[in-house]
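Report on the structure given below.
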Amino acid sequence: GDAAAVRSVPMASASSHATMRAACSSRVTSARANARAAPTQPPASTSGRRMATAPAFFRRRVARARRVRAGAEDSSRPLAEPFVTPEDVRRGEVARSWVSELYDCVDYAAVFAAAEEAAGCDDDDDALADDDNSGERMYGEFDMGFFVALLRVLEPELALLEYGDVDGGAVGDGVFVDVGSGRGQLAFLASITRKWQRCVGLEIDKQLHAIATQVSLRSPNEDVVTDALIDAFPVAARPMTQSPVSFVRGDMYDRNDLSAALENATLVFAFATRFARDVRVDEEGRVEEEDSESSSYLRLSRHVRPHLRVGALVVVINGALRREDGFELIRVERGPDAERGRDSVARVYRVVEVRCDERGDVAGEKKKKKKTVS
């Protein structure tokens, strides 16, 4: 009976099988087409859960790397132009050639002989030189193209300070001061870059100061003024338009020397790569750990502020000044430094009033101030 029942089941015909295969084939083709048209989804991964448990500094590093990679892959994003433009570089090269000819008048043999003669009578300088283990007196020359670029971008700030409506009143032509001026090259370059009341260099080294003084006695020197110099620096066209340059031999940590050099200063420049940094200690005399920014705070910061008017600008190369000393950071730029083999960092500060809460007074209660030793 069972065999008869099985035999009684109707069998599908060859035509019905063909119809089913055709229907399945069309569905598969349609599914494949939809899959190709749909956006590709990343495969499921556990990396997200692992990243959530990673240290914070590692997550920040990965996020920064992803942003950099995304920026590199975005070809529509314009590349940032360098701060020091090709025109700044060209003017810097013209200035370097001019400075080289300007210093040809120096009688170096006489300078060194006079310095050696004075060395025997100046015990204080010899003692200071022996105590100077930080390399502050190590001589270095700043890139002139970078210097030209800095003066270019600061011109609106200087014009406002000199002739605008600012706290303390306008000052007329400003005063440029190079702290740690060496041979005085930047002071001379500043004198032909724009009109100043005067340009001053402060230097403690006897020989470097003597060299700068010799050149200043012959400045302005019309014999070294070329057409290329006039094209790059129109102020150099006539001696009467060049700013007077003078030099002060003194210590940048000495109150009287700073007072003499910084009188009416509107722009102070410090190539501070080798300048001394402050080391902070707690009440028990232990050195406190500092982050990379605060470890760059210059010892000069607290010394120079009392001699500057509110609104004056201070440019510090490879160093930093403290906000609580009365310096407001307004811009940071990078430029070439052939001596170090990598970029130098220029921080531009505006001198501001020092408020009580920035000195450590909060809600009428004075915090314990950290001791600072040099």
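The values are calculated or read from the model by the stated rules, or taken from the named source; none is laboratory data. Worth saying up front: this structure is predicted, and the values here are computed from it rather than measured. Because the Cβ atoms are built from the backbone with ideal geometry, glycine has one as well, and the counts that use them run over all protein chains shown. Side chains are part of the model used for accessible areas, which takes the heavy atoms of the whole protein and leaves out ligands, DNA and RNA. Shrake-Rupley method; radii C 1.70, N 1.55, O 1.52, S 1.80 Å.
Here is how the numbers come out for the structure above:
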| quantity | calculated |
| --- | --- |
| Test: residue in region 119-126 that is at pLDDT below 60, more than 20 Å from Val245 (Cα to Cα) and loosely packed, with under 11 Cβ neighbours inside 10 Å | yes |
| Checking Ile230 against (1) in contact with a helix residue (DSSP H, G or I) (Cβ under 8 Å, 6 or more places away or on another chain); (2) touching a residue at least 12 places away in the same chain (Cβ under 8 Å), the condition it does not meet | (2) |
| Residue that is surrounded by the most Cβ atoms within 10 Å (Cβ to Cβ) [pool: residues in region 299-326 that are assigned to a loop (DSSP other than H, G, I, E, B) and charged (D, E, K, R)] | Arg299 |
| Extreme residue, farthest from Val304 (Cα to Cα), among residues of region 327-342 that are among the basic types (Lys, Arg) and not in a loop (DSSP other than H, G, I, E, B) | Arg334 |
| Members of region 243-278 that are open to solvent by 20 Å² or more (accessible area, probe 1.4 Å), among the hydroxyl-bearing types (Ser, Thr, Tyr) and within 15 Å of Phe188 (Cα to Cα) | Ser246 |
| Residue that is farthest from Gly140 (Cα to Cα) [pool: residues in region 340-374 that are open to solvent by 60 Å² or more (accessible area, probe 1.4 Å), modelled with pLDDT of 75 or more and not basic (Lys, Arg)] | Glu353 |
| Residue tally, condition among the basic types (Lys, Arg), out of contact with any Lys or Arg (no Cβ under 8 Å at 6 or more places or on another chain) and modelled with pLDDT under 80, over region 250-307 | 1 |
| Residue in region 198-241 that is modelled with the lowest pLDDT, counting only those that are polar (S, T, N, Q) and surrounded by fewer than 16 Cβ atoms within 10 Å (Cβ to Cβ) | Thr241 |
